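The next block holds one structure in the form of structure tokens; read it before the comments.
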Amino acid sequence: MRINQTQRVILLLLASIVIPITAQAQKIVIGKYQTKETLDKAFIAALRATPLAKFAVKSSDKEQGTIQAVKSSMGKEFGSLFVMIRREEDSVVIEATFTRNPGFIGGGNPEKWAEQFGNELKSELPDLTASVTKRK
């Protein structure tokens with residue numbers, strides 16, 4: 001079976017369109033949220049904000065100040081969230097790492113996830129300040 005030149009060009013064009021879409025790199029965003037509230041209140045607020053930001057909590061440890069959660073679609077995890085809560089000088093820091101796994105089309109992006117998580121936190125911690133950093 002021979003492929004003529006027009007068919008070859010069409011196949012190359014299709015390959016150039018499909019390959020970049022399926023070869024997406026992992027994306028990481030770190031949200032740093034600060035409040036003057038207590039560690040306990042910050043931990044509970046982060047635990048409540050996690051499902052409101054459309055993540056399913058897999059585990060949490062109040063003693064260590066950690067929460068692990070995932071975003072799934074059709075039984076496959078396409079995103080993850082790791083939250084660390086700690087005291088720093090006169091404030092409490094909630095540091096959340098949002099990771100979008102490679103190879104998935106759709107599902108949003110970590111910057112929006114960090115923004116939504118921050119908005120949910122702010123509803124319980126009104127003095128909250130936030131900064132979001134992209135990591136490559």
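Coordinate-derived values only; no laboratory data. Bear in mind that the values here come from a model prediction, so they are computed numbers and not experimental data. Ideal geometry is used to build each Cβ from the backbone, glycine not excepted, and the neighbour counts take in all protein chains shown.
Per-structure values
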{"quantity": "Mean projected area in nm² (Cα convex hull; one quarter of hull surface) for the range 26-135", "calculated": "6.4"}
{"quantity": "DSSP-assigned coil residues among chymotrypsin sites (Phe, Trp or Tyr not before Pro) in the range 47-118, each with at most 16 further Cβ atoms within 10 Å", "calculated": "F104"}
{"quantity": "Of K36/K112; K41/K112; K27/K76; K58/K122, those spanning more than 20 Å from alpha-carbon to alpha-carbon", "calculated": "K36/K112; K41/K112; K58/K122"}
